[in-house]
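Each remark here refers to the structure printed beneath this line.
Nothing in this text is a laboratory measurement; each read-out follows from the coordinates by a stated rule. Here the structure is a predicted model, which is why all the values come from computation and not from measurement. Note: ideal-geometry Cβ built from the backbone for every residue, glycine included; neighbour counts use all protein chains shown.
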Amino acid sequence: MKLRLLACAAALFAAAPALAEPPYLTDDPIPTDTGHWEIYAFTEGEGRHSTFDGDAGFDLNYGPMKDVQLTSTLPLDLSHEAQDGWRDGTGDVELGVKYRFLHDERHGVSAAVFPRAILPTSTLAAGERTRLLLPLWVGKDFAGGTSLFGGGGYEFNPGRGNRGFWQAGVALTQDLNKGLSVGAEITRQGADTIGGTDQTRAGIGAIIHISGPASLFVSGGPTWDDRRTLYRFYASLGFVF
């Protein structure tokens, strides 16, 4: 699967954002190749000073048939606040199915839906309920290794004090050579709690092919939330086979 990156997007997930298309928040419409796996051992976090929320775990993707991708994200949560110190526990498991319903190779255009269920398995967020994300992702490939993709959707976020919200995104990537791709993104989401505020995130990143099926995925950038600036990072070792 062609290496990609991102550049302009809007809206994603609360606190430590859920994974989409490593190493970025914005996803593209390209599913995992039929009969192949994409596995990412990842760590990510967001915070500033003594406040930090992060995850570490595995992102598993499999292509069971043409234009279909099955996804499962298995994280552990880690957080720190000045008054509570460090806390850790299981994270929210994610299950998703990506279906590419449009694939125009001649014009380099693709589109896919990617519904995801986010299960309330986190031991650090007791009382939460299952969330459902319903996004649409579209993409366009250009000559010279440039790709533009993005989209968005609505996340159902039930529970006391919570509210559903819209998210959207757009991304631009550039393959510099066979072993290196770079790009940038910007994302935005609506408030996910009653009385909460919108969030805007920007980031840059790179995908570096190491050898064989292994690649390194890294990204980072600021988050603007409630007139505060936080900072996010993501890193993973990915394997395609």
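Does segment 51-99 hold any residues that are part of a strand (DSSP E or B) and within 20 Å of residue 225 (Cβ to Cβ), and which are they?
Our first condition is that a residue be part of a strand (DSSP E or B); within segment 51-99, this holds for 51-65, 68-81, 85-90, 94-99.
Listed by number, the residues that qualify are 51, 52, 53, 54, 55, 77, 78, 79, 80, 81.
Quick check: is even one residue across segment 22-36 under 23 Å from residue 224 (Cα atoms), in contact with a Gly (Cβ under 8 Å, 6 or more places away or on another chain) and in a strand (DSSP E or B)? Working first, answer last.
Of the residues in segment 22-36, the ones under 23 Å from residue 224 (Cα atoms) are 22-27.
Those left that are additionally in contact with a Gly (Cβ under 8 Å, 6 or more places away or on another chain): 22-27.
Then drop every residue that is not in a strand (DSSP E or B), which leaves none.
No: segment 22-36 contains no residue that is under 23 Å from residue 224 (Cα atoms), in contact with a Gly (Cβ under 8 Å, 6 or more places away or on another chain) and in a strand (DSSP E or B).
For segment 200-216: of the residues being closer than 18 Å to residue 238 by Cα and hydroxyl-bearing (Ser, Thr, Tyr), which is nearest to the chain's Cα centre (by Cα)?
Among them, the one singled out is 215.
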